[in-house]
Amino acid sequence: MGIITVLWEKWAEFKRDFYKITVAAMISPLMYLLVFGLGIQTTSHGEPYLNFLIPGIVAMVSMTGSFSAVSQNMSVQRLYEKALDQVMVSPTPLWQFIVGQIVGGALRGMYAVLVILLLVSPIRTSLVFNWVSFLILFLNGTVFSTIAVTLSFLAKSYTDAPRFNTYIIMPMSFLCNTFFSTDQMPHGIKEFVSALPLSQTSDMVRSIAAGGDPTVTGVLILFAYLIVFSAISFMFIYKKKNL
Amino acid sequence: MIEIHNLTKTFGDFTAVDHLNLTIETNEFMGLLGPNGAGKTTTISMMSTVLLPTEGEILIDGKPLNRKASAEKRKLSVVTQEYSMRQDMTMNEVMEYQGRLYYMRKKEIRAKTAELFEFAGLSKFGHRVVRHLSGGMKRKLMICRALMVEPEILLLDEPTAGMDALARRQMWDLLRSLKERNLTILLTTHFIDEAQALCNRVAFIDGGKFDVVDAPLALIEQLGPFAVDNLDDGKLVSRYFPTREAAIEELKGLPDDAVLRATTLEDVFVERVGHRLTRG
């Protein structure tokens, strides 16, 4: 019930800011596609670079869409608007509020994914996006929504939300299998970056797009992130002395 | 009934609330008075579980109040000092969100919203976005939101802060009408006249500790219901007397600018808390 309430709140926000949300979801991925995919036309692994780039950008968009839908919103609600107080005092179980944020954030990420897929649909490629890729992308969205919830509890001012974006989301966007394969990275860095959730998601979405399957290891890594950050979020909302 | 046992809150080395003990009976209108930084808002924040106590506990009808206590939280509603609501929502959306958080049906939410907006004179503004409301309207909206869920206990943290005199009087009327709804109310304020006009009992809080807890009239009676004011070296000096005759007797020996008046709760507050503050 509480989950539905949070989803309703997210839906109200989505309806209100529909144009802003849609344009924000389009701008940077579109720029990447134009500059790296169409502007600098090249090949990767003997195939057009777009075949590598599009799945990477789709995975990246599921991350940025989910993360930004939760991090900014939660930080402002907790620190500036104090709207979280309304939830804290209500009988709605707080775990349901967290799950609502995670699912709502992942759904916003999926909306951003659909916008990008619609934008790239005129480009002729042999890429396949099916329900398995959507499940992987949704799972990725839940991971980054959960990370956003955790970070929003750590934020000391509402200007911290854009900083988290700079420290975490932007480096991942560039390094985690989006524009080039982690195989090309030096030993040590490669293993570290490969273990990050976006690297796994890009890899699996790319594999499915090429007619392959997701890896069990990749799915397990995403679930591990989801479980760890959910546990931290639950601990914060129930145990943090000063919210 | 609300029971507060040994409630303590520290922030690092600073003790904001220091071993408070208080019982608020069902249907009582209790005032918590104190200067800025006395610990009023911290107490309310612990009662709304936004802050967790460092020590002590709060019981609602004998059961501990904590973040997992949904049944106890169901009985509570809070009007915070700050406008704690989504600024981008419309007034109707704020009410619907509140109703949903308390598991109300959509039909019930609509009916209750219409009734409360009528009660608070906000009926015309349901579609207005919170960001565009005046301070007074936001306060009224917060009261409506708190009443939406028909609470048994209402916590009001400085509900008239930032209001002009007229809006304050309107808010008093609204709060008086809440008394008739048989709610248990805890009001924090630094407007002493507000507490005197509305509360059955008041507690003075200073430095995180209670100074005194009693009915406003009893406190006035203890100090002396008649006051004589005069200026001494440009400084206002007040003396208190148990009878009018004693006060008139005092007045006779004072200059012409001395006045006789009824003692107020503010006098009690100044005598008990203010003098201590002045002395530092």
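The values are calculated or read from the model by the stated rules, or taken from the named source; none is laboratory data. None of the values given here were measured: they were computed from a predicted structure. A quick note on method: Cβ atoms are made from the backbone with ideal geometry, for glycine too, and the neighbour counts reach across all protein chains shown.
Details
- In the range B:97-112, the residue that is nearest to B:T184 (Cα to Cα) out of those that are at the interface with chain A (Cβ under 8 Å from one of its Cβ atoms) and more than 23 Å from the chain's Cα centre (by Cα) is B:Y102.
- Taking the conditions (1) touching a residue at least 24 places away in the same chain (Cβ under 8 Å); (2) more than 30 Å from B:D13 (Cβ to Cβ) in turn, B:L217 satisfies each one other than (1).
- Matching residues in the range B:10-27 - criterion: being touching a Lys or Arg at 6+ places or on another chain (Cβ under 6 Å) and within 14 Å of chain A (Cβ to nearest Cβ): B:A16, B:V17
- Elements of type strands (runs of 3 or more DSSP E) in the range B:171-233, at least 3 residues being at pLDDT 90 or above, over 10 Å from B:G31 (Cβ atoms) and touching a strand residue (DSSP E or B) at 6+ places or on another chain (Cβ under 9 Å): B:226-232
- Residue ranges of strands (runs of 3 or more DSSP E) in the range B:50-167 with at least 2 members of a type in the set (V, I, T): B:55-60, B:76-79
- Annotation note: Cβ proximity below 7 Å between a residue of the range A:154-173 that is among the acidic types (D, E) and a residue that is not in a loop (DSSP other than H, G, I, E, B) (sequence gap 6+ or interchain) occurs for A:D160/A:S75.
- Just one of the listed residues (A:S173, A:S233, A:S207, A:S152) is farther than 30 Å from B:K68 by Cα, touching a helix residue (DSSP H, G or I) at 6+ places or on another chain (Cβ under 7 Å) and assigned to a helix (DSSP H, G or I), and it is A:S173.
- Selected residue (criterion: farthest from A:D17 (Cα to Cα)) from residues of the range B:85-96 that are more than 7 Å from chain A (Cβ to nearest Cβ) and among the polar types (S, T, N, Q): B:N92
- If you filter the range A:66-84 down to residues that are without any contact (Cβ under 8 Å) to a residue 12 or more places away in the chain and farther than 18 Å from A:L7 by Cβ, you find that the one that is farthest from the other protein chains (Cβ to nearest Cβ) is A:E81.
- The residues in the range A:185-198 that are in a helix (DSSP H, G or I) and either in contact (Cβ under 8 Å) with a residue 40 or more places away in the chain or in contact with a helix residue (DSSP H, G or I) (Cβ under 8 Å, 6 or more places away or on another chain) (or both) can be counted, and the count is 5.
- Scanning the range B:28-83 for residues that are acidic (D, E) and more than 10 Å from chain A (Cβ to nearest Cβ) yields B:E28, B:E55, B:E57, B:D61.
- In the range B:56-71, the condition of being surrounded by fewer than 23 Cβ atoms within 10 Å (Cβ to Cβ), farther than 25 Å from A:K239 by Cβ and out of contact with any strand residue (DSSP E or B) (no Cβ under 9 Å at 6 or more places or on another chain) is met by no residue.
- Residue in the range A:153-171 that is out of contact with any Gly (no Cβ under 7 Å at 6 or more places or on another chain), away from chain B (no Cβ under 14 Å) and under 19 Å from A:I54 (Cβ atoms) present: no
- Selection status of A:R206, basic (K, R), away from every other protein chain (no Cβ under 14 Å) and surrounded by fewer than 13 Cβ atoms within 10 Å (Cβ to Cβ): no
- Test for B:L122: is it over 20 Å from A:V76 (Cβ atoms) and either within 10 Å of chain A (Cβ to nearest Cβ) or of a type in the set (D, E) (or both): no
- Looking across A:I54, A:I27, A:I4, one residue alone is more than 17 Å from A:N177 (Cα to Cα) and either in contact (Cβ under 8 Å) with a residue 24 or more places away in the chain or among the polar types (S, T, N, Q) (or both). It is A:I4.
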